[in-house]
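A short worksheet on the structure shown next.
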Amino acid sequence: MTEALIAGIVVFVLATFIGVEVINKIPPTLHTPLMSGSNAISGISLVGALLVAGDRNWSLSVILGLIAVILATINVVGGFLVTDRMLQMFKKKEVKA
Amino acid sequence: MNELIPSGAFSGISSAIPSVIQISYLVAASLFIIGLKQLGSPATARRGNLIGAVGMLIAIVATLLDRNVLNYEVILVGVLIGAGLGAVMAQKVEMTAMPQMVGLLNGFGGAASALIAVGEFWKVIHSGAVPPLDETITIILSVLIGGITLTGSLLAFAKLQELVPGAPITFPLQQPVNLLLLLSFLACGGYLIADPSSTAVFLGLTALSLVLGLLFVLPIGGADTPVVISLLNSFSGLAASAAGFVLGNNILIIAGALVGASGIILTEIMCRAMNRTLANVLFSAFGSKQSVSADGGATGNSQDKVVRSIDPDEGAMMLGYAKSVVIVPGYGMAVAQAQHSVRELADQLERLGVEVKYAIHPVAGRMPGHMNVLLAEANVPYTQLYDMDDINPEFERVDVALVIGANDVVNPAARHNASSPIYGMPILEVDRAHHTIVIKRGMNAGFSGVENELFYEDNTVMLFGSAKDMVTKLVAGVKEL
């Protein structure tokens, strides 16, 4: 295995532990927003898609990358917006709509 | 392009760019962690989501500075299309359809990750190079996880949207077929590692992972959906991580790992709330065996027992003259879109001085927290919603428990009938309340296929009809008290 791969695995394992620690105590009321919010974060693949689609010369790779850009952007934008829309509705006190 | 810039004033700036990108990724990763942390408390959740979005924006802008990203016009078009579609979806989606929405978005994320891996493979092969061993392995993994996430999520979406039957779908030799496909995937993977230039084998691998995604979700359905949605959520994160390994990009690895962890935690919570292992949920095709109810798994002598049915006016009377009422919503409330009527009923009861609480089972509905979102939409303050562990000790003192479209999660058989398939599952103990009113369409068994003992208890009465109709009639009845 190369050093880059090892370094990647180190980052992955540590990030997983952070994720578990940060998310562990979440109240059930917020399960859905957590899911859609974290779902939006998984749209980070947009960064990878940009790198693949960024080539000046048209090729199959660029086309696949472009499709990935579109799908990942839907994931990111849709995910964050719908989470915000949901969280807007969570209120502690009664408010007349 | 970069190599063409002569040394001098510009080289200082351009050589700093890679560091700027890496630092921006670090900032973005930190913001994701802070955002997720804040998503964990109702008071800060909205800000947490915003912080996550800012992190994403920073990561994206930083990536555009990368010297390999030159195709700005094309990228802009792609981003605009995606942002437009995403925004419209987020605005239009009904709150009851949130499980479908999350399912679909999971699928898109998975697809993007798989496409990155395929695109990268293509790029390397066409540059005439042979991908090194570790890149081949990460590409294979990325295609596998991304592909499964894509088709699995699309099928889960189709089931929730009722484009295909929501019940578990099984066929003969299902497990052997799955195992065979998995083995072929491993064989193809091994071949590709030995000969990374074989495009045909690579395409075969891609196709296999897409089929595996379908087969994985096919036998899971109905009330087990919260588990599968959580798991696919985790997969969409792992797919991004895998793509990060392919590209050697830390922000993808970190963000993907965070989402992977969050999805797995939710999956575990859902499994625990049903007292079943993940393997059991994934492979047992729970709820597809009708024989369970036929052999009377729960109540062998249900024929001897009597079900008492009442009309809405009588129900309104019971509720209106109670001191305390606990409402237990289930998927039936979501299907009937009855959350607003439920809220109206609670308002009317509170007007009469009745104390109203809501009891939410962790797996009620079709995704984790589904009921909470619907009640929030209907303007119910979240302080009135109680988790299972908090409300169960209170049922003994509750005058009326009103069950709306929930079934297995209130079946007392889970507590004492060791032969029942749902034995050991934690339930909302509505049978301990002085009276229980169950709103239900008919006497059909719940998703588990088990008859519900609750319906035959002496202090249980049934209100037969759709959740929305019945609750609306209850509201009218309570208004006249």
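Values computed for the structure shown
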{"quantity": "Test for B:LEU428: is it touching a strand residue (DSSP E or B) at 6+ places or on another chain (Cβ under 6 Å) and assigned to a loop (DSSP other than H, G, I, E, B)", "calculated": "yes"}
{"quantity": "Candidates B:VAL363, B:VAL398, B:VAL380, B:VAL409 - the one that is farther than 24 Å from B:GLU451 by Cα, within 14 Å of chain A (Cβ to nearest Cβ) and among the hydrophobic types (A, V, I, L, M, F, W, C)", "calculated": "B:VAL380"}
{"quantity": "Residue tally, condition of a type in the set (A, V, I, L, M, F, W, C) and buried (at least 20 other Cβ atoms within 10 Å of the Cβ), over the range B:23-32", "calculated": "4"}
{"quantity": "Unique residue being at pLDDT 95 or above and closer than 14 Å to A:VAL47 by Cα when the list is B:ALA87, B:ALA59, B:ALA83", "calculated": "B:ALA59"}
{"quantity": "A:VAL13 vs. criteria in contact with a helix residue (DSSP H, G or I) (Cβ under 7 Å, 6 or more places away or on another chain), free of Cβ contacts under 8 Å to residues at least 60 places away in the same chain and under 27 Å from B:LEU247 (Cα atoms)", "calculated": "no"}
{"quantity": "Residues within the range A:46-64 that are of a type outside the set (S, T, N, Q), touching a Gly at 6+ places or on another chain (Cβ under 6 Å) and either more than 7 Å from chain B (Cβ to nearest Cβ) or over 17 Å from B:SER241 (Cα atoms) (or both), tallied", "calculated": "2"}
{"quantity": "Subset of the range B:193-207 that is outside any helix (DSSP H, G or I) and closer than 12 Å to B:LEU133 by Cα - its residue that is nearest to the chain's Cα centre (by Cα)", "calculated": "B:PRO196"}
{"quantity": "Subset of the range A:1-39 [under 24 Å from B:THR138 (Cβ atoms), within 7 Å of chain B (Cβ to nearest Cβ) and in a helix (DSSP H, G or I)]", "calculated": "A:ALA4, A:LEU5, A:GLY8, A:VAL11, A:PHE12, A:ALA15, A:THR16, A:ILE18, A:GLY19, A:VAL20, A:SER38, A:ASN39"}
{"quantity": "Only listed residue being of a type in the set (S, T, N, Q) and over 30 Å from B:ALA334 (Cα atoms), chosen from B:THR225, B:THR149, B:THR138, B:THR170", "calculated": "B:THR138"}
{"quantity": "Residue satisfying all of: in the range A:67-94; small (Gly, Ala, Ser) and under 22 Å from B:ALA45 (Cα atoms); farthest from the other protein chains (Cβ to nearest Cβ) among these", "calculated": "A:GLY79"}
{"quantity": "Qualifying residue in the range B:98-109 (condition: facing chain A (nearest Cβ under 7 Å) and surrounded by fewer than 23 Cβ atoms within 10 Å (Cβ to Cβ))", "calculated": "no"}
{"quantity": "Unmet requirement for B:LEU155, which otherwise passes all of (1) over 20 Å from B:PHE286 (Cα atoms); (2) aliphatic (A, V, I, L, M); (3) at pLDDT 90 or above", "calculated": "(1)"}
{"quantity": "Qualifying positions in the range B:410-425 - in a loop (DSSP other than H, G, I, E, B) and more than 14 Å from B:MET274 (Cβ to Cβ)", "calculated": "B:PRO412, B:ASN417, B:ALA418, B:SER419"}
{"quantity": "Lone unmet requirement of (1) touching a helix residue (DSSP H, G or I) at 6+ places or on another chain (Cβ under 7 Å); (2) modelled with pLDDT under 90; (3) farther than 19 Å from B:LEU105 by Cα for B:THR170", "calculated": "(1)"}
{"quantity": "Candidate set from the range B:110-144 (those that are part of a helix (DSSP H, G or I), more than 14 Å from B:THR206 (Cβ to Cβ) and of a type in the set (A, V, I, L, M, F, W, C)); member that is nearest to the other protein chains (Cβ to nearest Cβ)", "calculated": "B:ALA112"}
{"quantity": "All positions within the range B:247-256 that are at pLDDT below 95 and among the hydrophobic types (A, V, I, L, M, F, W, C)", "calculated": "B:LEU247"}
{"quantity": "Answer residue from the range B:244-270, given it is surrounded by 24 or more Cβ atoms within 10 Å (Cβ to Cβ) and within 22 Å of B:GLY166 (Cβ to Cβ) and is farthest from the other protein chains (Cβ to nearest Cβ) among those", "calculated": "B:MET270"}
{"quantity": "Residues located in the range B:71-105, provided they are farther than 17 Å from B:LEU163 by Cβ and either in contact with a Pro (Cβ under 7 Å, 6 or more places away or on another chain) or among the polar types (S, T, N, Q) (or both)", "calculated": "B:ASN71, B:GLN91"}
{"quantity": "Residue match in the range B:387-409 (condition: farther than 23 Å from B:LYS323 by Cα and either at pLDDT 95 or above or assigned to a helix (DSSP H, G or I) (or both))", "calculated": "yes"}
{"quantity": "B:LEU252 closer than 20 Å to B:LYS159 by Cβ and either part of a helix (DSSP H, G or I) or of a type in the set (Phe, Trp, Tyr) (or both)", "calculated": "no"}
{"quantity": "Selection within the range B:33-84 - hydroxyl-bearing (Ser, Thr, Tyr), assigned to a helix (DSSP H, G or I) and surrounded by fewer than 21 Cβ atoms within 10 Å (Cβ to Cβ)", "calculated": "B:TYR72"}
{"quantity": "Flag for B:SER241 being at pLDDT 95 or above, within 13 Å of chain A (Cβ to nearest Cβ) and within 15 Å of the chain's Cα centre (by Cα)", "calculated": "no"}
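To keep it simple, each residue is scored yes or no on (1) surrounded by fewer than 18 Cβ atoms within 10 Å (Cβ to Cβ); (2) within 25 Å of the chain's Cα centre (by Cα); (3) within 15 Å of B:VAL228 (Cβ to Cβ).
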{"site": "B:ILE116", "(1), (2), (3)": "no, yes, no"}
{"site": "B:GLY128", "(1), (2), (3)": "yes, no, no"}
{"site": "B:ILE139", "(1), (2), (3)": "no, no, no"}
{"site": "B:LEU163", "(1), (2), (3)": "yes, yes, no"}
{"site": "B:PRO176", "(1), (2), (3)": "yes, no, no"}
{"site": "B:TYR191", "(1), (2), (3)": "yes, no, no"}
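The values are calculated or read from the model by the stated rules, or taken from the named source; none is laboratory data. Note that the structure is a prediction, hence the values are computed from the model and not measured. When we count neighbours, we look across all protein chains shown, and the Cβ atoms used for this are built from the backbone with ideal geometry, even at glycine.
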